[in-house]
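A quick write-up on the structure given underneath.
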Amino acid sequence: MSDLFAGSGPAGRMPLAALLRPASLDDVIGQGHVVGEGSILRRRVKAGALGSVILYGPPGIGKTSIARAVGAMLGKTFRPLNATRAGVAEIRKLADEARVHPLLIFVDEVQRFSATQTDDLLAICEDGIADFIGATTGNPYHVLTPALVSRSTILKLEPLSIEDMEKVVRRGIEHLHAEGAAIAMTPEQVRMVAGRSGGDARRALTTLESLALGHGDKAFEVTDAMLEEAYAAAPVNHDRSGDAHYDVVSAFVKSMRGSDADATLYWLARLVHGGEDPRYIARRIMIHASEDVGLADNTALQTAVAALHAVEKIGYPEAQIVLAHAALHVARAPKSASASRGISAALQFVAGQPPAQVPLHLRDAHYKGASQLGHVGYIWPHDDPRGWVDQVYSPMPKGSLYRSEARESGTFERRADEHWRRVTGAEQPRREPG
């Protein structure tokens, strides 16, 4: 099996993931919305008018493979550029080359391009001298220059499904068999490699390659112990500065808001396993303890604040228990968004209306001469047996900003509604569903 990965690389062999790059879009596994018949990419390739395209998505899902397949289908030489090292001279040299024979210029991690590099490259593409494909793991609308975004077709790639990942693994096994590696894996093991690769085809093939190397041409069966060894230090994909980070955080907080305890724990585990700062997670829990639970259960915020203090003291691994405690409190608690809605409505009103005058009886009366200015008439609520008196506190009609979202008798907000109805003799403003 000495020639299993023979190639032109520095070490005399090419990685399995590189060997299995598709030769055309027909060979691409998954990403049907991008490479399928009738897609914009297919139509551009068929018309021979690719122009500028940005492929956007997490690592290992085929951005470079798709770019190479497009170049082959267009019959153009594939020219990769290094985003951090390519200078103006190199870009202009490519322009001269493109005038001699057709080129497809490819830039991986194109977000690393400077504005000057981008302008030089766009000038080439706009003149029709060469086609261009850029790849990025970041959201193009956040990480790329507006000029590049406005001149490019943005195509978002998604992590491969478990079924597509199984096809990738089986294709890898077939290639290994063709090269003389008699590797045997059960369907369950194939699915494990597919699943634990997190939609990253390159990771799956790299794992498969590591399992195959070193056995010579002898037939062998992959054991569960071999798989566990391969994954012993393998992290779950989690880019703390990219879309994966924000998507997982979004799923985490929406699961808490949706009161799904299992989903809350799953997305929390993804954050913890990915090495997310426990203080950041605790801060997110604090926010949603007020935003989503709020007056329905005031102790949720107390738990969240305590969790932040706790994780600052103890850190991982024990901090994960504290975070789970606080996150589950928010997930399991009854929900009310009245505090969040109320302050949003108040800020919107303040920003859009002239400032209201403070009623005279509410103005500061703690200085000599205040009474001569008319700062009188305030009634002390504690002097009333009910602890409340009917007096004006603002020009806002009652219920203009705050409306109770009490949903059941056990919540603080419901108990408060019932208390003030008894005291005032009036129904409390409620937010109706819808």
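Angle of helix 261-273 to the longest C-alpha principal axis of the chain, folded into 0 to 90 degrees and rounded to 10: 60°. Within straight cross-link reach of Lys313, meaning Cα distance under 17 Å, which aspartates and glutamates are found once same-chain residues fewer than 8 apart are removed? Of all the aspartates and glutamates, those that pass the test against Lys313 - Cα under 17 Å, at least 8 places apart if same chain - are Glu276, Asp277. Backbone phi angles across the range 174-179, fed through the Karplus curve with coefficients 6.51, -1.76 and 1.60 (θ = phi - 60°), yield HN-Hα couplings of 4, 5, 4, 4, 5, 8 Hz in residue order; Gly and Pro are listed as x. Note on Ala72 and Asp260: with the Förster distance fixed at 45 Å, the Cβ-Cβ geometry gives a FRET efficiency of about 0.50. Among Lys313, Lys335, the order of accessible area from largest down is Lys313, Lys335, computed with a 1.4 Å probe on protein heavy atoms.
Packing-wise, with mean Cβ within 10 Å as the measure, how do 81-92, 380-391, 396-407 rank, highest first?
The densest-packed peptide leads the list: 396-407, 81-92, 380-391.
Considering helices alone, the calculated mean residue ellipticity of the chain at 222 nm is -14500 deg cm²/dmol, with DSSP H runs of length four and up weighted by -39500 (n - 2.57) and normalised per residue. Give me the lysines in straight-line cross-link reach of Lys156: C-alpha distance below 17 Å, same-chain residues under 8 apart excluded. Leaving aside lysines fewer than 8 places away in the same chain, those within reach of Lys156 are Lys63.
Farthest toward the positive end of the dipole of the chain, out of Ala194, Ile54, Val70, is the Cα of Ile54, where the dipole comes from beta carbon charges about the Cα centre.
Shape of the range 306-352 from the C-alpha gyration tensor: oblate (a/c of 1.5 or more and a/b not above b/c, with a ≥ b ≥ c the square roots of its eigenvalues). For Lys398, a cut-off of 16 angstrom between C-alpha atoms picks up these aspartates and glutamates, skipping any fewer than 8 places away in its own chain: Asp390, Asp417, Glu427, Glu432. The DSSP beta bridges internal to the chain are antiparallel in roughly 5% of cases.
So if I place +1 on the C-beta of Lys and Arg and -1 on the C-beta of Asp and Glu, and nothing else carries charge, what would the dipole magnitude of the chain be about its Cα centre? I want it in debye, nearest 20. Write out the running numbers ahead of the final one.
Working: 48 positive and 51 negative charges, 217 e Å.
Result for the chain is approximately 1040 debye, rounded to the nearest 20.
With all protein chains kept in place, the per residue accessible area of the chain amounts to 54 square angstrom at a probe of 1.4 angstrom.
Ignoring any ligand, DNA or RNA, what whole percent of the accessible area of the range 8-102 comes from carbon and sulfur when the probe is 1.4 angstrom?
On the way: 2530 of 4760 Å².
So the carbon and sulfur contribution to the accessible surface is 53 percent.
Once you have a ≥ b ≥ c as the square roots of the Cα gyration tensor eigenvalues for the range 40-138, tell me rounded if a/c is under 1.5, and otherwise prolate or oblate according to whether a/b is larger than b/c. Because a/c hits 1.5 or more and a/b fails to exceed b/c, the range 40-138 counts as oblate.
Taking amide H as placed 1.01 Å from N in the peptide plane, the amide H of Val53 sits under 5 Å from that of Phe132, Ile133, Gly134, Thr153, each at least 5 places away or on another chain. Once backbone amide H atoms are built at 1.01 Å from N, Ala370 has no partners under 5 Å, excluding neighbours fewer than 5 places away on the same chain. Stretch Tyr316-Ala23 to full length: gain in nm at 0.36 nm per residue minus the Cα-Cα span? Extending this stretch completely gives an extra 100.9 nm. Taken one residue at a time, the phi angles of the range 369-376 give Karplus couplings (6.51, -1.76, 1.60, θ = phi - 60°) of x, 5, 5, 5, 8, x, 7, 9 Hz. Gly and Pro are set to x.
Expressed as an acute angle from 0 to 90° and rounded to the nearest 10, what is the orientation of the C-alpha long axis of helix 412-424 relative to the principal long axis of the chain? Rounded to the nearest ten degrees, it is 20. Counting only Cβ charges, +1 for Lys and Arg and -1 for Asp and Glu, the dipole size of the range 13-77 around its Cα centre is about 200 debye.
Karplus-derived 3J(HN,Hα) values for the range 151-160, using 6.51 cos²θ - 1.76 cosθ + 1.60 with θ = phi - 60°, are 9, 10, 8, 8, 10, 8, 9, 10, x, 5 Hz; glycine and proline are entered as x. For the chain, the longest principal axis of the C-alpha atoms and the axis of helix 187-196 are separated by about 60°. Measuring nothing but how far apart in sequence close Cα pairs (under 8 Å, 6+ apart) lie, relative to its length, the chain scores a relative contact order of 11 percent. The mean sequence separation of alpha-carbon pairs under 8 Å and at least six residues apart, normalised by the residue count of the range 308-414, gives a relative contact order of 26 percent.
Taking Cα extents along the principal axes in Å straight from the coordinates, which label in (i) 65, 46, 43; (ii) 72, 62, 41; (iii) 96, 56, 41 is the correct one? For Cα extents along the principal axes in Å, the calculated option is (iii).
The values are calculated or read from the model by the stated rules, or taken from the named source; none is laboratory data. Please read all numbers here as calculations on a predicted model, not as lab measurements. Neighbour counts run over all protein chains shown; Cβ positions are idealised from the backbone, glycine included. Keep in mind that these areas ignore ligands, DNA and RNA; they rest on the heavy atoms of the full protein, side chains included. Shrake-Rupley method; radii C 1.70, N 1.55, O 1.52, S 1.80 Å.
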